[in-house]
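Note sheet for the following structure.
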Amino acid sequence: MIDTRMDSSQPEDGGLYPIRTVASLTGVNPITLRAWERRYNLIQPRRTESGHRLYTREDIERIQRVMKFLSQGISISQVKPLVDQPVTQQLDNAPALHDNEWQRYHTRMLRAIERFDEQGLDAIYNEALSLYPVNLVLQHLVTPLLRTLGERWKARAGGVAEEHFFSVILRNKLGARINHLNAHGTGPLLLICCLPGEHHEIGMLFFALAALSHDYRVLVLGSNLPLEQIPHVLEQKPCDAVVLSGSARPARGLLDLQLPELTRQLRIPVFVGGMVARKYEEAITGAGAIAVGDEFQPAFSQINSTLS
């Protein structure tokens, strides 16, 4: 299939880009872009007569610099003085890296989980997701929180229930958000699922949510999917690419037998992401697939390049 997304080098109106295109180029969803504008005055887009936001190429470069600071552990409240400085001075004047803000979110969410406070948990999670890109929320908040719950469940009364409570709410929230955004998508369709034997699907769901921010549509098939099922799915629902996610050690025969067989059968690219892609890149490439690692933005750059 042909990649129908707008060429990112071609602005729509006199060198100005609408918010949907900026979200696709940067991976920062429109809700977060609007929050950065209103709460932190980080970007000041122009407006059409009807009130729609339009961004310049300089705005996009500024957003990318904001992302760079956030990925280094600098909180959103500290970013503006840095990006307002000349580029040559920004790194020299950056504050010491810290994770105090993420730790505060972690503590607040953990307390809400301990009280089984669904509304409180929902409010804190939405606040974090409105201010930070989805990949950073996964990396700095959700993954450490799941690790904390997983490490302490044996020694804590109600620990198993707390872990289940958070996991169910998180899956429900991600699923609802994915379904909502998917209904309005028009871009290329990605089939996204976990590798056989992979039962941890939270990272895969976050990747699907990030894909929607990059102007893709998604067909999400969940955890532990046998690869031999995928050709049948594609016969019924043609997709532009397949994205397989894995964090654990691959099952025996997966990379040397099952994955090569799948890539031979398909006429569309097969991407493999997650920790397994970083550890077994050579085997994945030898199987005819494309390893995209476990960081979202480089992964989408590679997917975009391949499809276009």
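Where a number appears in this text, it was derived from the coordinates with a stated rule and is not lab data. Note that the coordinates shown come from a computational prediction; the quantities given were computed from them, not determined experimentally. So basically every Cβ, Gly included, is an ideal-geometry build from the backbone, and we count neighbours across all protein chains shown.
With springs connecting C-alpha atoms under 10 Å apart, model the chain as a Gaussian network and identify which of Ser213, Ser50, Ser247 has the largest mean-square fluctuation. Comparing Ser213, Ser50, Ser247 in the GNM, the peak value goes to Ser50.
In terms of its C-alpha gyration tensor, region 100-179 has a prolate overall shape, because the principal axis ratio a/c (a ≥ b ≥ c, square roots of the eigenvalues) is not below 1.5 and a/b outweighs b/c. Near Val218, the amide H atoms lying under 5 Å from its own belong to Leu190; only residues 5 or more places off or on other chains count, and H is placed 1.01 Å from N. Phi-derived couplings, Karplus 6.51 cos²θ - 1.76 cosθ + 1.60 at θ = phi - 60°, listed residue by residue for region 30-46: x, 4, 5, 4, 5, 5, 4, 6, 6, 8, 10, 6, 6, 9, 10, x, 6 Hz, with x used for Gly and Pro. Label separation (Lys279 vs Asn179): 3.4 nm, computed from points 7 Å beyond Cα along the C-beta direction. Neighbour counts of other Cβ atoms within 10 Å put Phe166, Phe207, Phe116 in the fewest-to-most order Phe116, Phe166, Phe207.
Would region 186-307 count as rounded, prolate or oblate if I go by the C-alpha gyration tensor, calling it rounded below 1.5 in a/c and otherwise prolate when a/b exceeds b/c, oblate otherwise? Intermediate results must be reported in sequence, preceding the final value.
Numbers: a/c = 1.36, a/b = 1.17, b/c = 1.16.
The shape class here is rounded.
I need the shape label for the chain. Rule: rounded when a/c is under 1.5, else prolate if a/b > b/c, else oblate, with a, b, c from the alpha carbon gyration tensor. Present the calculation step by step, with values, prior to reporting the outcome.
Values: a/c = 1.72, a/b = 1.13, b/c = 1.52.
Taking the square roots of the gyration eigenvalues as a ≥ b ≥ c, the chain is oblate.
Listed values for region 107-117 are Karplus-derived 3J(HN,Hα) couplings in whole Hz (6.51 cos²θ - 1.76 cosθ + 1.60, θ = phi - 60°), namely 5, 5, 5, 5, 5, 5, 5, 5, 8, 6, 9, and x replaces Gly and Pro. Straight-line reach from Lys68: taking Cα to Cα under 24 Å and skipping same-chain neighbours fewer than 8 places apart, the lysines in range are Lys80. Under 5 Å from the amide H of Phe271 lie the amide H atoms of Val242, Val243, Leu244, Ile290, each residue being 5 or more positions distant or on a separate chain, with H modelled from the backbone and absent for Pro and chain starts. The order of Cys239, Cys193, going from fewest to most other C-beta atoms within 10 Å of their C-beta, is Cys239, Cys193.
Select from region 250-308 those trypsin sites (Lys or Arg not before Pro) which occupy a DSSP coil region and have at most 10 other Cβ atoms within 10 Å, ordered by residue number.
Details: sites: Arg252, Arg264, Arg267, Arg278, Lys279; in loops: Arg252, Arg267.
In loop regions of region 250-308 (DSSP not H, G, I, E or B), the sparsely surrounded trypsin sites (Lys or Arg not before Pro) are Arg252, Arg267.
Please report the antiparallel percentage of DSSP beta bridges with both residues in the chain, rounded to the nearest 5. All intermediate terms of the calculation are to be shown ahead of the outcome.
Details: 5 of 21 bridges.
Of all bridge pairs located within the chain, approximately 25 percent are antiparallel.
Between Val270, Val233, Val292, the residue with the greatest mean-square fluctuation in the GNM of the chain (Cα pairs under 10 Å linked by springs) is Val233. Phi angles across region 200-206 convert, under the Karplus curve 6.51 cos²θ - 1.76 cosθ + 1.60 with θ = phi - 60°, into 3J(HN,Hα) values of 8, 9, 5, x, 5, 5, 5 Hz, Gly and Pro given as x.
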